[in-house]
Amino acid sequence: MFLLLPFDSLIVNLLGISLTVLFTLLLVFIIVPAIFGVSFGIRKLYMKTLLKIFAWATLRMERGAKEKNHQLYKPYTNGIIAKDPTSLEEEIKEIRRSGSSKALDKTPEFELSDIFYFCRKGMETIMDDEVTKRFSAEELESWNLLSRTNYNFQYISLRLTVLWGLGVLIRYCFLLPLRIALAFTGISLLVVGTTMVGYLPNGRFKEFLSKHVHLMCYRICVRALTAIITYHDRKNRPRNGGICVANHTSPIDVIILASDGYYAMVGQVHGGLMGVIQRAMVKACPHVWFERSEVKDRHLVAKRLTEHVQDKSKLPILIFPEGTCINNTSVMMFKKGSFEIGATVYPVAIKYDPQFGDAFWNSSKYGMVTYLLRMMTSWAIVCSVWYLPPMTREKDEDAVQFANRVKSAIARQGGLVDLLWDGGLKREKVKDTFKEEQQKLYSKMIVGNHQDRSRS
């Protein structure tokens, strides 16, 4: 047997005591509160402290730049070009008034000067594209001591550099290991807990246990991101037999919502760790998973979803109809599939505060592992969630109109820009139909005016 020297024995004892203290702190301040859904207010105090530090750092950066005659970069949150919301017809009329003797009302014919409207629109789109900028991280006006969030990050003073270095040590040497441990704990408990619940006979007791196992594990995962979430209007939370639709910024949107409600998830069957989690979850709760070959079959997907929502005893389905992640400055086109099945829709608006960490997942630039590393090395994830009143499809409304009405309500509540563009443009080229719409609009304006004059 190996004999430990007194010094080695002391180190082992200290290490054992440290691990015991750490586990006790995790149990008392994180896991137990997650089980009962309570908070000691530590994260909110942490957030207020960070805000004061960020304010000081931003002022110091601005003062240092002023002393060195450096011009600070200011992001244009509303775009670099001032655009008035006018129609194609109104703008062409204005062009003809200023540079042509042929008024559109009197002469409904093609005029060479009309091309200036399309040239200007093309240049505006190149200079200030309102679509592609939704797929990049939001630039902050202030500095949150993360070099990836502000173009003004540069050497200003020794004190500011020391503060930034101290922040790196805290985030990577203290917060990151703690968060990884919490995430591992939450995922492990989710797999083990749902597997054990799955062996119980169906009934109220199984449903009760499944609900609280899911809530507990998601709340632990939320704490793994130091997420500070404010929920509004909880009386409007989704109910059984309905569909919960929300704007989509990040994969953690699921955790944000599932830590406050009990949902049936919809998605494609995966392999690896994700597959293990999916197989364990479906044993305890009727989630809707599709095989890869089934995902593209719209009729099959619609049939499965319709069967689920028609059973009022089943959980509300959680869906993100944008189909891709947007940078939380806007809401893009909702796919109409989930609005065709005739269920009650419960809209939810999610708005993140980028001061503490950018939650947007740019899947074209970062893989999932890199993204999660960025999340776990941010200061915190702060967001607000609004539960909007339930909405149903009206008699004279098709699925697209219903989807747009729900999207507008979410954008209005979350303070987001309401865009008609498809989020699929992140990876695809603009469809020819979009170009043809502008051509048809112009030709209809010319031909329509000419026909009106012929009738008169």
Taking region 342-367 and keeping residues farther than 16 Å from I381 by Cβ, touching a Phe, Trp or Tyr at 6+ places or on another chain (Cβ under 8 Å) and open to solvent by 50 Å² or more (accessible area, probe 1.4 Å) leaves S364
Quick count over region 1-18, residues being at pLDDT below 70 and part of a helix (DSSP H, G or I), is 3
Among the candidates I277, I317, which residue alone is touching a residue at least 40 places away in the same chain (Cβ under 8 Å), among the hydrophobic types (A, V, I, L, M, F, W, C), closer than 30 Å to T195 by Cβ and surrounded by 22 or more Cβ atoms within 10 Å (Cβ to Cβ)?
-> I317
From (1) within 25 Å of P390 (Cα to Cα); (2) assigned to a helix (DSSP H, G or I); (3) open to solvent by less than 10 Å² (accessible area, probe 1.4 Å), pick out the condition that doesn't hold for R304.
-> (3)
Residue check: is I256 assigned to a helix (DSSP H, G or I), at negative phi and either buried (at least 22 other Cβ atoms within 10 Å of the Cβ) or touching a helix residue (DSSP H, G or I) at 6+ places or on another chain (Cβ under 7 Å) (or both)?
-> yes
State whether the residues of region 293-309 include one that is in contact (Cβ under 8 Å) with a residue 60 or more places away in the chain and under 19 Å from the mean Cα position of the chain (by Cα).
-> no
Looking only at region 240-253, decide whether some residue is surrounded by 18 or more Cβ atoms within 10 Å (Cβ to Cβ), in contact (Cβ under 8 Å) with a residue 24 or more places away in the chain and acidic (D, E).
-> yes
With respect to the numbered conditions (1) more than 30 Å from L45 (Cα to Cα); (2) within 17 Å of the chain's Cα centre (by Cα); (3) open to solvent by less than 20 Å² (accessible area, probe 1.4 Å); (4) at pLDDT below 90, which one is the sole condition not fulfilled by A380?
-> (1)
Residue that is nearest to H248 (Cα to Cα), among those in region 383-401 that are open to solvent by 30 Å² or more (accessible area, probe 1.4 Å) and among the β-branched types (V, I, T) | V400
Which condition number in (1) under 30 Å from H299 (Cβ atoms); (2) open to solvent by 40 Å² or more (accessible area, probe 1.4 Å); (3) at pLDDT 85 or above is the one that F339 fails?
-> (2)
Residue check for K283: in contact with a helix residue (DSSP H, G or I) (Cβ under 6 Å, 6 or more places away or on another chain) and either over 30 Å from V38 (Cα atoms) or surrounded by fewer than 18 Cβ atoms within 10 Å (Cβ to Cβ) (or both) | yes
Residue among R159, R179 that alone is in contact with a helix residue (DSSP H, G or I) (Cβ under 9 Å, 6 or more places away or on another chain) and surrounded by 17 or more Cβ atoms within 10 Å (Cβ to Cβ) | R179
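Considering G122, G198, which residue is open to solvent by less than 40 Å² (accessible area, probe 1.4 Å), more than 28 Å from W361 (Cβ to Cβ) and either at pLDDT 90 or above or touching a Lys or Arg at 6+ places or on another chain (Cβ under 6 Å) (or both)?
G198
The values are calculated or read from the model by the stated rules, or taken from the named source; none is laboratory data. All of these numbers come straight from a predicted model, not from anything done at the bench. Cβ atoms come from the backbone with ideal geometry, glycine included; neighbour counts cover every protein chain shown. Ligands, DNA and RNA are stripped out before the accessible areas are found, and what is left, the full protein with its side chains, is counted by its heavy atoms. Shrake-Rupley method; radii C 1.70, N 1.55, O 1.52, S 1.80 Å.
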